[in-house]
Amino acid sequence: MSDEVGFAFEGVDRARWRHRRPEGPARGIVAVLTVLAIVGVLGGGLWYGGTKLFSAADYAGPGDGEVVVEVKDGDTATDIAGSLVQAGVVKSAAAFVDAAEDNSDSKNIQVGSYILRKQMKAADALLMLLDLKNRNISKVTLPEGITHLQAYDRLAEATGIPVAEFKKAGKDPQKLGVPALWFKRTDGKKVDKANIEGFLYPATYEFARDATATDVLKVIVKNFNAEMAELKFAATVTAELNISPYEALVAASIAQVEALLAKDMAPVARVLYNRAYTGNFPCGCLQLDSTVNYWLRINGKEAKSSEKLLTTEMHDPDNPYRYNAKGMTIGPISNPGEVALKGAMSPPKSKFYFFVTVDQKGAMAYGETYADHERNIQEACKNGIPIC
């Protein structure tokens, strides 16, 4: 779909009046009455010899109130003019077509919904259509790695819809369009079907200003489904990793938070799989501060750096995301983007069970044994990473 409207000034003949000698008084009167009748019906202008004799019917003022007008793909100047007349924005179609013909920027009007005023001067209405600030949309960017609660805060700020309404609408992800296949696991753990975490795909979105919280979340989930289909995520992880799509989504959400650099997201995902599924990691758990911090965040508490986390917080038996919980974490801890998702679906093969950030740029080092991990930690300490 083109973002610009293709104008053709159709429907308004620029009055190529033929100049003929009158054939008597009666014929001249009839001709004048005919012309005036046409002008009255069309509300348009009358041209003679390239000179405009009468102006198209137009409002004089800036207008008032609010009205929504839709510009559709393929609309001509006449189409838009008709919509404006019907909405009560301009007085005549001809006035808007005149304004569009006089303004070379009119070809740049973009497809979309606009908030205009009623009873406007046609030229002013044109300028409002050219100003994207008048589009009937709310625009918001959801970055990679934020939680659903952080997403709700951003959405509420952009749309004016209360956070409480997003929380209510988000309690049933399947009604929002998340397919049932995402609520199954192969490791025996039960999926919380009321948990929308992981399904709010990071991107920049535009929403109609009259959209509800449900409308907004449905758009985001629809994008999630489209991206997963494009990546062939579900089919790939099921066939190549022998795990459910949901478990891979969990891994992607953790890699998104743990890895600072894009190149580390896939290797981190492999470490998670090695710990959770191989049976070669002593506790068969993930032992991650990030999952503990997620639990703190969604319960209204501040996340803490590794050295400040209390043992009681890390091993809280009421926390399903606790440090020593068996297997892959119970649910996503963020909303991962494309790089993290690709890393989780196609991680490089390795025997690594440990990773740690080792420099100020965020690069990671990996180890097979705890002795390897300790050496990497010492390197990190030398580089000023506060983990010692």
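The values are calculated or read from the model by the stated rules, or taken from the named source; none is laboratory data. Predicted, not measured: the structure shown is a model, and the values here were computed from it. Please note: Cβ atoms are built from the backbone with ideal geometry, for glycine as well, and neighbour counts cover all protein chains shown.
Just give me the residues in the stretch 365-388 being surrounded by 14 or more Cβ atoms within 10 Å (Cβ to Cβ) and on the phi > 0 side of the Ramachandran plot, in sequence order.
none
If you go through the stretch 136-145 one residue at a time, do you hit one that is part of a loop (DSSP other than H, G, I, E, B), without any contact (Cβ under 8 Å) to a residue 60 or more places away in the chain and in contact with a strand residue (DSSP E or B) (Cβ under 8 Å, 6 or more places away or on another chain)?
no
So for the stretch 160-173 (the condition being surrounded by 17 or more Cβ atoms within 10 Å (Cβ to Cβ) and among the acidic types (D, E)), does at least one residue qualify?
Yes, the conditions are met somewhere in the stretch 160-173.
Quick check on the stretch 151-158. Is at least one of its residues under 22 Å from R209 (Cβ atoms) and acidic (D, E)?
The answer is yes, given that some residue of the stretch 151-158 is under 22 Å from R209 (Cβ atoms) and acidic (D, E).
Return yes or no: is I196 touching a Pro at 6+ places or on another chain (Cβ under 6 Å), at pLDDT 95 or above and buried (at least 19 other Cβ atoms within 10 Å of the Cβ)?
It is true that I196 is touching a Pro at 6+ places or on another chain (Cβ under 6 Å), at pLDDT 95 or above and buried (at least 19 other Cβ atoms within 10 Å of the Cβ).
Let me confirm something: among T369, T357, which residue is farther than 29 Å from N225 by Cα and touching a Leu at 6+ places or on another chain (Cβ under 8 Å)?
Only one candidate qualifies: T357.
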